[in-house]
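These notes are about the structure you will find just below.
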Amino acid sequence: MRAIEAPPQRSWRSRFKVAGLPATLIVGGLVLFASLVLAVVPSLFAPYDPAAMDYNSILAAPSLAHPFGTDSFGRDVLSRVIHAYTIDMQIAVFATTGPLIVGVIVGALVGYAGGLAESIFGRIVDAVISFPQLVLVIAIVAVLGPGLTNMYIAVGVIDWVFFARLVSGEVKVQKRLDYADAGRAMGYTPMRIIFRHLLPNAITPAIVYWMTDMALAILLGSSLGYLGLGAQPPAAEWGVQIADGKNFMATAWWISVFPGIAIVVTGLGFSLFGDGLAELMRTKK
Amino acid sequence: MSALATPAETPALSVQSLTTVFQTPKGPVRAVDAVSFDVMPGEVLGLVGESGSGKSVTLRSLMGLIHAPAQVSGRVLWQGADILAMPKKALRRVRGGEVAMIFQEPMTALNPVLKVRVQIEENLAAHSQLDARQRRARAIELLDLVGIPAAERRLEDYPHQFSGGMRQRVMIAIALASNPKLLLADEPTTALDVTIQDQILKLILDLRDEFAMSVVFVTHDLGVVAGTCDRMAVMYAGRIVESGTVAEIFARPHHPYTRGLLGSVPRGGAERTMLTSIEGTPPSLAVIPQGCAFHPRCAYAVEHCVAKRPALERIGLGRMVACFREAEVAAAGAPV
Amino acid sequence: MSAMTNHPGAPLISVEALEKRFAMRQTIVGRIAGRLPLAVHALNGVDLAVHRGETLGIVGESGCGKSTLARCLVRLLEPNEGRVRFEGRDIGELRGGERRAFNRRVQMIFQDPYSSLNPRMTVRQILGEALSVHRMRPKAEIPVRIAELLDLVRLPQDAAGRYPHEFSGGQRQRIGIARALAVEPDVLVADELVSALDVSVQAQVVNLLLQLQDELQLTIVFVAHDLRLVRHISHRVAVMYLGKVIEIGPTEALFSAPRHPYTMALLDAAPELDPGRRTRRAATRGELPSPVDLPGGCLFNTRCPHVFERCQVERPLLAERGGDHRAACHLADFGTPAFEPSFTAAEPA
C-alpha cells in the first residue's frame with residue numbers, strides 16, 4: 001500500500017515552490033549570491049573608501065549622502081558594512097570548510113569501523129560538547145593570541161567534531177543496508193565502499209549543517225571581533241563595527257544597528273538556503 | 001463447510017459500490033473503485049490481490065477507518081444498516097463490537113505499554129455488561145481459547161513478551177472479547193512462519209465455527225485462500241475482476257489475471273519448468289491503464305479491451321467476472 | 001531433468017561443522033558478576049556440499065540460520081567454528097589475489113530490492129563498477145558489456161541511465177542479478193531472492209533464474225522460506241531447523257517421502273493450492289524454542305509428535321537414508337511404510 005499513503009507532513013516554509021525548487025532555496029540562494037558579490041567586489045557598490053575619515057561629518061545621522069550615517073571617525077557606515085562582507089564571508093567559508101572536510105572523512109571512517117574507534121570518538125564528542133563553543137574558542141584564541149588566523153585554528157579544532165558526529169551516525173545506518181553488504185560480497189575495498197557508496201548517501205545532513213555552521217561562524221567571528229579577539233580594527237568587520245558603536249548607542253544607534261542587520265540577513269540567507277537544500281535532497285530521494 | 005451464497009439467505013454484510021478516492025499532491029487516486037460483494041453468515045470470503053490492488057484499503061474503508069484526505073462513498077450494509085452513514089455512537093457499537101478487525105503486524109496494532117489483560121478487559125468493558133471479576137475470568141478464557149499456554153500467568157505480560165505467533169493470538173483474543181459476528185482479517189498470517197501460519201489459520205476456522213462468525217480475509221497468498229476460504233474475490237487495480245467459490249475459481253478461472261496468478265505459483269510435479277507468469281508489473285493506482293486495467297499485461301487482450309472497460313457480470317450462480325474474453329480464458333482451463 | 005544425484009568429482013563448495021554465534025549485549029551488572037555472555041546460536045554445526053551445476057535449495061523458518069549460512073558462504077560473516085571450502089580451499093585462509101578471485105567467483109543476490117542497490121548510482125555505474133574493479137573488460141568494452149548484461153536479464157537498454165528508484169521491485173532484482181553476473185561467477189547465492197515481490201512478478205524472476213542457469217552453467221544456492229518455490233527450483237534441498245541441517249536429499253525424494261518429522265510438519269503446514277484437499281488440523285504444536293537457550297538432545301524434541309527418551313538426551317546425526325538422502329532423526333524408519341508411530345508421547349499441555 002506504499003503507493004497511496006499520505007505524503008509526510010512538511011514544514012510550511014518548504015511547501016512553497018518556484019519552478020519546481022523550494023522557495024527557501026531560491027530566496028536563501030539570492031541572499032547568498034548578493035553577499036558573495038559584495039564580498040568579492042565591495043568597491044563597486046560602496047560609495048566611499050571604508051577607511052576614509054571625514055572630520056566634517058562625525059557621527060552624522062543617516063542622510064542621502066550617507067544612507068547609513070557615519071561613525072565617530074566620520075567613516076561612511078554603509079561603505080564599511082559593504083566592505084565587511086569580504087571579511088565576514090571569508091570567516092564563514094574559511095572557518096567551516098576545513099572542519100567539514102576533516103569531519104566528513106573522520107566521521108565516515110569512524111562510522112564504518114565502529115568498535116574501539118567509535119568509543120574513542122564518542123569520548124572526544126563528549127569532551128567538546130560539554131563546553132559552550134564560544135568559551136572554548138575564546139580560551140584557545142587567548143592562548144594563541146588574537147587575529148583571524150588563530151580564530152580559524154580555534155574554530156577548526158572544535159568544529160570538525162560536529163560534522164564527524166553527523167556523518168558517522170548516518171554512515172552507521174547506511175552500512176547496515178544490503179547495498180553495503182553487496183559491495184563487500186563483490187570484493188570491493190573498504191575505502192571504495194566508504195567513500196564511493198556510503199558517503200554519498202550519508203553526507204546530506206552534513207552539507208545542510210554546513211550552511212547553518214557558516215551562519216554560526218559569522219556570528220562567532222563577529223562576537224570575537226566585538227571582543228577584540230578576531231579581526232582587528234581598523235578593519236571593516238561587523239563585530240568590530242558594533243564594538244565601535246557601543247559607546248554611542250544612545251546618540252548614534254546607526255553605527256551598531258546596520259552591521260547587526262547585515263549579520264541577521266546573511267545568517268538568514270544561509271539558514272534558508274540550508275532548509276531548501278534539505279528539502280531538495282529529500283524530494284530527490 | 002459453511003453456507004455458500006444461496007439466494008434465499010440474506011447476507012450478513014453487503015458492500016455496494018464502495019469507492020475510496022485519496023487526495024494526493026499529484027491528484028486524486030482511486031484506490032477502491034465501485035467494489036461490491038456480499039458476505040453470508042458463517043462464510044469466509046477471501047479478498048485476493050497483489051500490492052496496490054486495493055484489497056487492504058477496501059477492508060479499512062468498510063470499517064470507516066480511512067482518514068482524510070480521502071472520500072469513501074457507496075454503501076456498507078451491516079445487518080441492514082449502512083455503516084458509512086451511521087452516527088458516531090452506533091458506529092462505536094459496531095466497530096470493535098459486532099465487527100472486529102485483526103491486522104498483519106500485531107506489534108503495531110497492540111498498545112506496547114499496556115498489559116494484555118488491560119487491553120482485553122478494555123474491550124470487554126466497552127462491549128459487555130460484565131463486572132471486573134467476570135471480565136478477568138473471561139479474559140483468561142479468551143487467551144485459553146486462542147491457544148495461549150498458561151493463560152492466567154500470561155495475562156500480566158506486555159505484548160513485546162510474546163512471540164510473533166502468540167502476539168497474533170493475543171490480538172485475536174482481544175478481537176473476540178466483543179463476541180463479534182464479523183471478523184475482518186488484514187493479512188494476519190503474512191508475517192508469520194509457515195507452521196505458525198498454519199496454526200493461526202486453523203484457529204480462525206475453529207473460532208468461525210464456535211462463534212458463528214463471518215470472516216473477510218485479505219491476503220495475497222493463494223495457498224491461504226485455497227486452505228481457508230469458501231468464496232473469493234480477486235482484485236486488480238482497485239476493482240474486483242472475478243468472484244465465486246474457491247473451488248470453482250481454482251478449477252476454472254474465467255479472468256486472465258486470476259489464471260495468471262494461479263500459474264505463477266509453483267506446484268509440485270513440474271520442477272524446474274517455466275512458470276506461466278504474467279508479464280509486467282501491477283500498475284500504480286495513480287496511473288491505471290485505460291479500458292481494462294489489465295490489458296497491458298494480458299495475453300488475451302484484443303482491441304476492444306484497450307478502448308472499453310469490461311463490467312463485472314454474472315456468469316453463473318454466485319459467479320462474476322469482468323472480462324470480454326472470459327469464455328476463451330475459461331476454455332483454456334486452469335494452468336497446470 | 002538431468003540426474004544430479006550422483007556427483008562426479010569433489011564438491012564445488014563444502015561446509016564443515018560450521019558454527020556461528022552472535023554475542024548479545026551484556027549488561028554492566030552481568031559483566032561485573034562475571035556471567036558468561038549470552039549468545040544467539042545461529043548455526044550449530046552445519047555440514048553440506050554444493051556440486052557444480054546444481055541448485056541446492058536451503059529451506060527453513062525464520063531463525064533457522066539459513067541467511068546466516070548464506071552470508072558465511074560468501075564470507076560476509078566469519079564463522080566461529082568450522083570452515084567453508086571452495087574447490088577444496090578454506091576460504092578463511094584466502095589472501096590477496098586468491099581472496100579477490102573468490103569474491104568474484106561466488107556472488108550473492110540479496111532479498112530486499114529496495115536496499116540492495118546504491119540509490120545514488122545509475123545502473124550503468126553499478127554494473128560498470130563491478131566490471132572495472134574486477135577488470136573484467138578493457139575500459140572501452142565496458143559499455144558493450146553493460147548492454148549485453150541488460151539483455152541477459154531482460155531489461156531494456158535505456159535502463160542503463162536510470163537510478164534504482166525508477167524501477168519496480170522485480171526489475172531491481174534483475175539489476176541485482178545483472179550486477180552479480182557482471183563478474184562471471186561460478187556460484188550464485190540467492191537469499192530470499194523473490195520473497196519481497198508480488199506473486200506474478202516472482203514467477204518472472206524464477207523463470208529468469210532457471211534460464212540463466214542453463215545458459216551460463218551456474219551453480220546456485222537458493223535460500224528461501226517458501227517450500228513451493230524451493231521445490232520448484234532446486235535439484236537438492238536441505239531443510240534447516242535451529243541452525244542445523246536436519247534433512248537433505250534430492251528434491252523429489254525429500255518432498256514425496258520426507259524422512260524427518262519436522263520436514264513432514266513443514267510440508268503439512270504449507271497450504272495446499274488445491275481447495276479440495278484442505279485439512280482442519282494444524283500440522284504442528286508449539287513454537288520455535290529460543291536460539292539463545294537451545295534444547296538438549298534433538299533440537300526438534302520440544303515440538304516433535306514422535307519424541308521418546310533418547311531424543312531428550314542425544315542429538316541425532318545426519319544419517320544416510322539411501323539414495324543420497326540424509327536425515328537427523330533417531331527413528332531410522334521414519335517416513336517409510338515400516339514406520340509405526342509407536343513412540344508417540346502423551347499430548348503435551
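Below, the figures for the structure above:
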item	result
Cβ-based exposure ranking for C:64, C:304, in which fewest neighbours within 10 Å come first	C:304, C:64
Rounded FRET efficiency, nearest 0.05, which uses the C-beta distance separating residue B:331 from residue A:207 and R0 of 41 Å	0.10
Loop-resident sites, the stretch C:225-309, for trypsin sites (Lys or Arg not before Pro), counting at most 13 other Cβ within 10 Å (DSSP)	C:280, C:281
Set of lysines with alpha-carbon distance to residue A:172 below 28 Å, sequence-local pairs under 8 removed	A:284, A:285, C:20, C:66
Förster radius 25 Å - calculated FRET efficiency between residue C:211 and residue C:147 (Cβ-Cβ, nearest 0.05)	0.85
Approximate spin-label separation residue B:160-residue A:16, in nm, with each point projected 7 Å along Cα-to-Cβ	4.3
At least 24 Å along the helix axis (C-alpha) and Kyte average at least 0.5, DSSP helices within chain A	A:23-40, A:77-113, A:148-174, A:204-227, A:254-284
Largest-first principal axis extents, alpha carbons of chain A, Å	77, 49, 29
Spin-label pair residue C:80/residue B:270, simplified geometry with 7 Å Cα→Cβ offset, distance in nm	4.6
Two-site label geometry, residue A:30 and residue C:336: point separation in nm, points 7 Å out along Cα→Cβ	8.8
Loop GluC sites (Glu not before Pro), the stretch B:238-336, which have at most 12 other Cβ atoms in a 10 Å radius of their Cβ (DSSP)	B:279
Ellipticity estimate at 222 nm from DSSP helix runs (n ≥ 4, -39,500 (n - 2.57)) divided over chain C, nearest 500	-8500 deg cm²/dmol
B:219, A:97, B:10, A:204 arranged by Cβ crowding within 10 Å, fewest neighbours leading	B:10, A:97, A:204, B:219
Helix-only [θ]222 nm of chain A, DSSP H runs n ≥ 4, -39500 (n - 2.57) each, per residue, nearest 500	-22000 deg cm²/dmol
MRE, 222 nm, helices only [DSSP H, n ≥ 4, -39500 (n - 2.57), over chain B, to nearest 500]	-9500 deg cm²/dmol
Set of aspartates and glutamates with alpha-carbon distance to residue A:17 below 15 Å, sequence-local pairs under 8 removed	A:275, A:279
Neighbouring partner chain Cβ atoms per residue of C:192-203, average, 10 Å criterion	6
Estimated FRET transfer efficiency (residue B:306, residue C:280; beta-carbon r; R0 35 Å; 0.05)	0.15
Cut-off of 10 Å, at most 14 other beta carbons, DSSP loop: longest stretch of chain C lacking such GluC sites (Glu not before Pro)	C:88-313
Base-10 log of normalised Debye intensity for the protein assembly as shown (one unit scatterer per alpha-carbon) at q = 0.04, 0.06, 0.07 Å⁻¹	-0.27, -0.58, -0.76
Nearby lysines by direct alpha-carbon distance to residue B:181 (threshold 20 angstrom, same-chain neighbours under 8 apart not counted)	B:88, B:89, B:202
Likely footprinting exposure, C:240, C:24, fewest C-beta neighbours within 10 Å first	C:24, C:240
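We did not get these values from a lab; they are worked out from the coordinates using the rules stated. On a predicted model such as this, the values are computed, not experimentally measured, just so you know. Neighbour counts run over all protein chains shown; Cβ positions are idealised from the backbone, glycine included.
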